[in-house]
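Note sheet for the following structure.
Laboratory data are not the source of any read-out in this text; all were calculated from the coordinates shown. Quantities reported herein were computed from a predicted structural model and do not represent experimental measurements. With ideal geometry, Cβ positions are generated from the backbone for all residues, glycine too; neighbour counts draw on all protein chains shown.
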Amino acid sequence: ALDVVRHYEDTMDGSSAYRALVIKYELKGRARKTDLHRELVNDFIHDGEDPDAYFGRIEDKSRQLRELGVPFNEESLMGLTLAKLPPAYVVLETVLENDEDLDYEGAKEQIRGFHRKIVAKAAKKDQVENAAFIAIFNGKCFTCGQPGHKKSECPKRVDGKKKHGPVGGGKTKKK
């Protein structure tokens, strides 16, 4: 591998050297097909993940399989996607599985919409919990001394550190 890199360092650019290494060491034939299938089977939409990231990964793998002569169509992508939805999507999964007229692009749009609803619901829940906390939290922040939030939530902190020096709202040491 080092010889290939040195050859391309002298004669070409870095991207050409990388392509040469990929061509030389990337799995070929059945081993590559098996590896791509394994990656597809082991991939899934993670909780909270934007589904488009998942769609991009599996569509890239399916494209690579098709380039290797493996028939992998939208119906295959649809089945794989439905089988890999997170538990929170179980109702949507049932609806999509029973809609025989729905194509892969339509399913993706339905999944995106469901994801947006989950994100919006989580944001609203966070707002409600924050409001409830503020309503019952009577103490003062140990960073800025203002009531209504804790030190860890202080807007005057940057990367977990204070922006300003102590303002008298913090704990005092016992002598």
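Miscellaneous remarks
- Once the Cβ-Cβ distance of Glu153 and Ala53 is raised to the sixth power relative to R0 = 25 Å, the FRET efficiency obtained is 0.30.
- Between the listed residues Ala107, Pro86, Val70, the Cα displaced farthest toward the positive end of the dipole of segment 65-117, a dipole computed from Cβ unit charges relative to the Cα centre, is found at Pro86.
- Charged neighbours of Gly139, selected by a Cβ distance under 11 Å, balance to +3 (K, R count +1; D, E count -1).
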